[in-house]
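Quick notes on the structure that follows.
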Amino acid sequence: MNEQTAHLVSALGAINQRIPEVCRALLGDCMTVAKQREFAGLLIELGNVLHSHATGREEATANDQAPGELG
């Protein structure tokens, strides 16, 4: 596993641990607007990391293919 994948998996795990707490707070209507925005920012950042990871994998796969080879 490369460093970028390890970072992504670590970030996914960290977010995963917070999901139940966030769900309870939202269902209990006790999550402040600021906390909602803070968590949304983390999700957006994670989405950007995942998107970058996918782009990197796509480029690596394209570079590994021989000309004219279908993936």
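Where a number appears in this text, it was derived from the coordinates with a stated rule and is not lab data. All values derive from a computational prediction rather than experimental measurement. With ideal geometry, Cβ positions are generated from the backbone for all residues, glycine too; neighbour counts draw on all protein chains shown.
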In region 20-47, what count of residues is obtained for those that are free of Cβ contacts under 8 Å to residues at least 12 places away in the same chain and either more than 17 Å from the chain's Cα centre (by Cα) or over 23 Å from residue 4 (Cα atoms) (or both)?
18
State all residues of region 1-18 that are hydrophobic (A, V, I, L, M, F, W, C) and surrounded by 10 or more Cβ atoms within 10 Å (Cβ to Cβ); if no residue qualifies, say none.
6, 8, 9, 11, 12, 14, 15
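Within region 19-37, how many residues are surrounded by 12 or more Cβ atoms within 10 Å (Cβ to Cβ) and assigned to a helix (DSSP H, G or I)?
So the answer is 5.
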Of the residues 31, 1, which single one is out of contact with any Asp or Glu (no Cβ under 6 Å at 6 or more places or on another chain), under 21 Å from residue 59 (Cβ atoms) and not aromatic (Phe, Trp, Tyr)?
1
